[in-house]
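The values are calculated or read from the model by the stated rules, or taken from the named source; none is laboratory data. The structure displayed is predicted, hence computed values, not measured ones. We place every Cβ from the backbone using ideal geometry, glycine too, and count neighbours over all the protein chains shown. The accessibility values were calculated without ligands, DNA or RNA, using every heavy atom of the protein model including side chains. Shrake-Rupley method; radii C 1.70, N 1.55, O 1.52, S 1.80 Å.
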Amino acid sequence: MQEIEKSPAWTNLSPGDLSFSFPECAAGDVESALARASVVAASWARTSLAERIDRLREAQRAIAAAKEALASWIALETGKPITEAQGEVGAVIAKFELTIEDADSHLAERTGLGGPHPSLVRQAPRGPAVVIGPFNFPLHLGHGANIAHLLAGNPVIYKPSPLAAHVAAKYGRIMEAAFPGGVFQLVQGGGAEGSALCLDPRIRAICFTGSVPVGRELARKLVGDFSKDLALELGGSNALIVCADADLDEAARAAAEGACLTAGQRCNATSRVIVERSVATSFEKKFIEALAVFDPGDPLLAATKLGPVISAVAVARYEKLLGEMAGDWLQQGRTEPIVAGKRGYWVRPAVILRDGDGAEDMECFVPIVSYFIADDLDHAVRLQSATPFGLTASVFTRSEETFRRLGAELEVGNLYANLPTTFSPSTLPFGGWRNSGNGHPGGRGFIRYTTREQAVQWKGF
Ligand code: NAD
């Protein structure tokens, strides 16, 4: 058996109060999780859909009962403001209904398709699945894939972000208790554990949500292994386009919200604002005013709109970007090492009027907005397309015709008119085009990637 590298133990600090340190975390046992998942795979696959739904409903009730506690842990461990954290847990609870609804239709056998013999098409479970989660939605994003796989009859090993290990452990204990042993398992760890889990031949499906470089590395290592389905939910560099006819106040509020929710650490965050030249000066003023609402605060307080970023590494990346980005700063950024008497990882929103098209291929993932002035709408589309990402884009215009025209040219998986780039309800699919994903949209309908389709024909009975 190949020796599995193990991540060293680690300690998380609360990003909004660095004097609060969580108990030390140790990486989980990858081999034992893989072995248990393979042992239970056949029996879980045989369990009826009704029984799987019952197990899920039990988990749903337990999560609903722990809603407030889970939200507080998200806020404490990741720095996400408590109102956003409550929204995340609410989405986790709502996801059960949506996924059960999707499973009912997706998992149903199809008959009556014609051909010389009786036949049917069925959706067979794939086998053990690994779900890898990011830190910024430590429960919601892994959860969607977890429950879709469980409903399809696949045992799940969930490896959350090490940066959210404690809140993930609380979720994991609830989920583990609702299913027969080994059907849902949480394994703590970092890249070493994630990689070992994904590459193991016993794993038949992977849902990875995280950064482009890690997703790309995973895809490279799995080239030629057709036994696994790989779903990649990756990063973005999302643009909000302000047309000359837009409601500038609405657009300014949406751009500020898109840039600052979760302190800019959302895959669908607004990191590029593209404004038609004729309204660029008036919009700039309104945008800077709208950003003033996002004042750094304690993530555990309901009034806080801007929490800290996740880590010292994120603060260092913010400082590096402030030093390196070329252009004129319309709003200077700065770190706030102490807020309300607590040491933490706060950074203030910053806006830079960019030279050129800012065609960088990295996410900034902090609240820094690149501001571009477009000569016309064709130029706006070119600026939006200058990065290799294709997750979300929003067009602010009063003209449906303009929206439709631009919409046809914007290569993104999630397109909005007059809404923030972060507006992603669970009722819809959510996935990226271009380098933001590999064509396996998460969100609504992820169940499609949890099964293998089998065409069955028979004769003689
Ligand atoms: P990350 O890529 O650093 O880590 C994500 C997860 O991958 C973590 O659990 C990490 O431990 C694990 N990992 C690291 N190396 C690995 C490897 N070699 N093999 C397998 N797993 C490995 O991302 P992050 O900083 O936790 O999260 C932020 C990123 O996630 C951003 O890029 C953001 O855009 C992206 N994201 C995308 C979506 C989406 O739906 N498209 C949603 C949320 C976040």
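Only one of Glu109, Glu58 is under 30 Å from Gln454 (Cβ atoms), acidic (Asp, Glu), surrounded by fewer than 24 Cβ atoms within 10 Å (Cβ to Cβ) and touching a residue at least 60 places away in the same chain (Cβ under 8 Å); which? Testing whether each residue is under 30 Å from Gln454 (Cβ atoms), acidic (Asp, Glu), surrounded by fewer than 24 Cβ atoms within 10 Å (Cβ to Cβ) and touching a residue at least 60 places away in the same chain (Cβ under 8 Å) leaves just Glu58.
Per-residue answers, yes or no, for (1) within 12 Å of Asn238 (Cα to Cα); (2) in a strand (DSSP E or B); (3) modelled with pLDDT of 95 or more; (4) open to solvent by 10 Å² or more (accessible area, probe 1.4 Å):
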{"position": "Val369", "(1), (2), (3), (4)": "yes, yes, yes, no"}
{"position": "Ile373", "(1), (2), (3), (4)": "no, yes, yes, yes"}
{"position": "His379", "(1), (2), (3), (4)": "no, no, yes, yes"}
{"position": "Ser394", "(1), (2), (3), (4)": "yes, yes, yes, no"}
{"position": "Phe403", "(1), (2), (3), (4)": "no, no, yes, yes"}
{"position": "Tyr416", "(1), (2), (3), (4)": "yes, yes, yes, yes"}
{"position": "Pro420", "(1), (2), (3), (4)": "yes, no, yes, yes"}
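Taking region 200-217 as the range and being more than 8 Å from the ligand (Cβ to nearest atom) and either under 17 Å from His440 (Cα atoms) or free of Cβ contacts under 8 Å to residues at least 60 places away in the same chain (or both) as the test, the residues that pass are Pro201, Arg204, Ala205, Ile206, Cys207, Arg216. Listed here are the strands (runs of 3 or more DSSP E) enclosed by region 321-366 that have at least 1 residues being under 27 Å from the mean Cα position of the chain (by Cα) and over 19 Å from Phe287 (Cβ atoms): 335-339, 342-347. With the condition kept exactly as written, say whether any residue in region 299-306 is part of a loop (DSSP other than H, G, I, E, B) and either of a type in the set (Gly, Ala, Ser) or within 16 Å of the ligand (Cβ to nearest atom) (or both). Looking through region 299-306, at least one residue is part of a loop (DSSP other than H, G, I, E, B) and either of a type in the set (Gly, Ala, Ser) or within 16 Å of the ligand (Cβ to nearest atom) (or both). If the condition is being modelled with pLDDT of 95 or more, over 28 Å from the mean Cα position of the chain (by Cα) and among the polar types (S, T, N, Q), then region 1-54 contributes Ser19, Ser43, Thr47, Ser48. Of all the criteria given as (1) away from the ligand (no atom under 16 Å from the Cβ); (2) crowded, with 17+ Cβ neighbours inside 10 Å; (3) part of a helix (DSSP H, G or I), the one not satisfied by Tyr449 is (1). Of note, Glu360 satisfies the criterion of being under 24 Å from Ser436 (Cβ atoms) and open to solvent by 10 Å² or more (accessible area, probe 1.4 Å). Here is the figure for region 259-277: residues that are open to solvent by less than 10 Å² (accessible area, probe 1.4 Å), of a type in the set (Gly, Ala, Ser) and more than 14 Å from the chain's Cα centre (by Cα) total 2.
Number of residues in region 291-319 that are surrounded by 21 or more Cβ atoms within 10 Å (Cβ to Cβ), more than 20 Å from Phe20 (Cα to Cα) and of a type in the set (A, V, I, L, M): the value is 1. Among residues of region 443-461 that are in contact (Cβ under 8 Å) with a residue 60 or more places away in the chain and farther than 13 Å from Leu107 by Cβ, those with a Cβ under 9 angstrom from a residue that is among the basic types (Lys, Arg) and assigned to a strand (DSSP E or B), sequence gap 6+ or separate chain, pair up as Ala455/Arg122; Val456/Arg122.
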